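Remarks on the structure that follows.
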Amino acid sequence: MQSECIPSFWQRWQVRLQVLCTPSVIRKACLAAVVVGSSLILVNQGDALFSGQITRRVLLRSLLTPVIPFCVTMLSVMLNSGTSRRVEELRPGWAAIRRSSLMAVGVGSGILLLNQGHLLFTGHLSLRVWAKILITLCIPFCVSLYGAYVAYWQAMKRL
């Protein structure tokens, strides 16, 4: 029999989904989508946009890019929110850094393949492309860590 002190699986996920659906969390995820998405578009598609070489591919990449920081923020909020009664236990720490690192590798790889895949496979890696790669890998880490703090701030409001 399960102890009443330990929240059940469904209670934990219900709390996480309630946090995820609050207007302030959604606003902060939208803010990340606009700010970080714009930065990613400038880093990865800026050359084509400013030179006037706007193709369907560039347009599609530019439209899909803001979705990534929105989803990373929401996923990070969900993973870092919990049912603890003590706010200190929800403060982002090494677990959030580890999750953010995994997010940087997973999501960053996807962004790289989306935007720089053609250059990676042909081997045309200039210094500019290497800079884009480094920036692109850092951005999901920062957005994920931001999502962990959004979950923490939301928990502070709840308690």
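Based on the Stokes-Einstein relation at 10 °C and a viscosity of 1.306 mPa s, and on the Kirkwood radius from alpha carbon pairs, the range 1-80 is assigned a translational diffusion coefficient of 107 µm²/s.
Packing here is the average count of other Cβ atoms within 10 Å per residue, and on that basis the peptides 145-156, 58-69, highest first, run 145-156, 58-69. For the peptides 122-133, 17-28, the ranking by packing is 17-28, 122-133, with the highest mean count of neighbouring Cβ atoms within 10 Å listed first. Between ARG98 and SER51, the FRET efficiency estimated from the beta carbon spacing at R0 = 35 angstrom works out to 0.30. Principal axis extents of the C-alpha atoms in the range 9-158 (largest first, rounded to whole Å): 53, 27, 22. Cβ-Cβ distance of VAL67 and VAL105, R₀ of 30 Å, FRET efficiency by 1/(1 + (r/R0)^6): the value works out to about 0.95. The magnitude of the dipole of the chain, with charges of +1 and -1 set on the Cβ of Lys/Arg and Asp/Glu and taken from the Cα centre, is near 160 debye.
Every read-out reported here was derived from the displayed coordinates using simple, explicitly stated rules and does not represent laboratory data. These numbers were taken from a predicted model, which means no experiment stands behind them. Counting neighbours? That spans all protein chains shown, and the Cβs are built from the backbone with ideal geometry, glycine included.
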